[in-house]
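So the structure is just underneath, and the comments pick up after that.
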Amino acid sequence: MVPPDLSVCIVNWNGAEYLRGCLESLILAGRHVRLETLVVDNASTDGSAELVEKLFPDVLLVRNRRNLGFARANNQAAELAGGRHLLFLNNDTVVGEYSLRDLVRFLDTHPEVGLVGPRLIGRDGLPQRSYRYRPTPAALMHRITLLRWTGLFRRSYEAYRRREFDPSQTRQVEVLLGAAVAMPREVFHQHGGWDEGFPFGLEDFDLSTRVAATHQVVYLAGADILHFGKMSSRKNSGFAYTGVEAGYARFLRKHYWSAEAVVAYKLLVLVDLPFAILSESLKGLWRRLRHGAADPGRPHSEVWPMLWFATVGQPIFWRT
């Protein structure tokens, strides 16, 4: 039998409201490229797995007894996949009819490319920042509230976060966002897959960095995928915040610093936490005074996620 051109690997946790639309869009995209679809459900309680079984019998479904996390579940799907290429796709996406065909054609005609990502479009119809730059230690130090007030690392942080993004140009990049990334099967196995040591967040930064050591990482402007964004993180904001903090520390350890230096960084994050909570609380109070409590455009407060990190999340942070 001819293997699929593309194995679409989807990790799901309580995402039934978006998963159906994602899978329906894959049926249409499958008219233009040979696809197989795999869904790894991380112990959802919203009927996600039952929805897949009932409405999408051709989808290979894996039902985990507990939430194994994004990286491990993706690795599970990749182990079962039979396609020449792998696409790791968030459940809160809708693929364009020809987008997956274009991703496959690009990989087939550019063997020097090890990872390619599409143009992500938000619910507002505008391009999302689909690629980023690798965070430097100096840029991460600017995230520390006490150091941010000094302005010592502001330029490094701005260079990391605010460099140009041109959604109309295909180009080689440093980091692709993990909402949708495709890669040759051989490259995935060459680099050992997703690092399961990342609890939640920065896995895509790490994968992009490792692949970039041997292949090009490319943003493909011609392929569009609708991405609603942050569905899982909003359902468990404390764990998501903790995952990002732990992810930054693990990224520093893997790509920049010694173990001793990362321990010092973690201690600095912990010492800084009360000041960060105070700063975020004051910003939240100022927003309420200016806009009122019911303003739908008010940015989401991180006070509760910070408190969760300070209490429940510390074991996760220190063992990462």
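Can you tell me the length gained on complete extension of the stretch residue 2 to residue 189, counting 0.36 nm per residue apart and subtracting the Cα distance?
65.3 nm
Between residue 170 and residue 213, what is 0.36 nm times their sequence separation minus the Cα-Cα distance? Round to one decimal in nm.
13.5 nm
Could you work out the helix-only [θ] at 222 nm for the chain, with each DSSP H run of four or more residues adding -39,500 (n - 2.57) and the total divided by the number of residues, to the nearest 500 deg cm²/dmol?
Theoretical 222 nm ellipticity from helices: -14000 deg cm²/dmol.
Anyone know which of 196, 260, 24 comes out most mobile in the 10 Å Cα GNM of the chain?
260
Calculate the dipole size of the chain relative to its Cα centre from +1 charges on Lys and Arg beta carbons and -1 charges on Asp and Glu beta carbons; express the result in debye to the nearest 20.
1040
Using a 10 angstrom cutoff on alpha carbons, build the Gaussian network for the chain and name the most mobile of 214, 109, 170.
Among 214, 109, 170, the largest GNM mean-square fluctuation belongs to 109.
Would you count, across the chain, every pair of lysines whose alpha carbons are under 28 angstrom apart, provided the pair is eight or more residues apart or spans two chains?
Count of close lysine pairs: 9.
Return the tail of the calculated pair distribution for the chain, meaning the percent of Cα-Cα pairs more than 28 Å apart.
Across the chain, Cα pairs with separations above 28 Å total 42 percent.
Considering only DSSP beta bridges where both residues belong to the chain, give the percentage that are antiparallel (nearest 5).
35
Which listed residue (27, 75, 11) has the Cα farthest towards the positive end of the charge dipole for region 1-86, taking +1 on Lys and Arg C-beta and -1 on Asp and Glu C-beta about the Cα centre?
Farthest towards the positive pole: 75.
Mind listing P(r) for region 10-169? All alpha-carbon pairs, 5 Å bins, whole percents.
Histogram of Cα-Cα distances, whole percents per bin: 1, 8, 14, 16, 16, 14, 12, 9, 6, 3, 1, 0.
Just to check I understand the Karplus step: with θ = phi - 60° and J = 6.51 cos²θ - 1.76 cosθ + 1.60, what whole-Hz values come out for region 236-250, glycine and proline as x?
Karplus values, whole Hz, x for Gly and Pro: 8, 5, x, 5, 5, 4, 4, x, 5, 4, 5, x, 4, 5, 5.
Pull up all non-local amide H partners of residue 113: gap of 5 or more, or a different chain, and H-to-H distance under 5 Å with H placed in the peptide plane.
216
With θ taken as phi - 60° and the coefficients 6.51, -1.76 and 1.60, list the Karplus ³J(HN,Hα) couplings across region 124-135 in order, rounded to whole Hz; mark glycine and proline as x.
Once θ is set to phi - 60°, the couplings for region 124-135 become 7, x, 9, x, 8, 5, 8, 9, 9, 10, 5, x Hz.
What is region 189-267 by shape, rounded, prolate or oblate, if you read a ≥ b ≥ c off the alpha carbon gyration tensor as root eigenvalues and call it rounded for a/c under 1.5, prolate for a/b larger than b/c, and oblate otherwise?
Here region 189-267 falls in the oblate category.
A short reminder: the numbers here are calculations on the coordinates, not readings from a lab. The shown structure was predicted, so the numbers you read here are calculated from the model rather than taken from an experiment. Don't worry about glycine lacking a Cβ; one is built from the backbone with ideal geometry, like all the others, and counts go over all protein chains shown.
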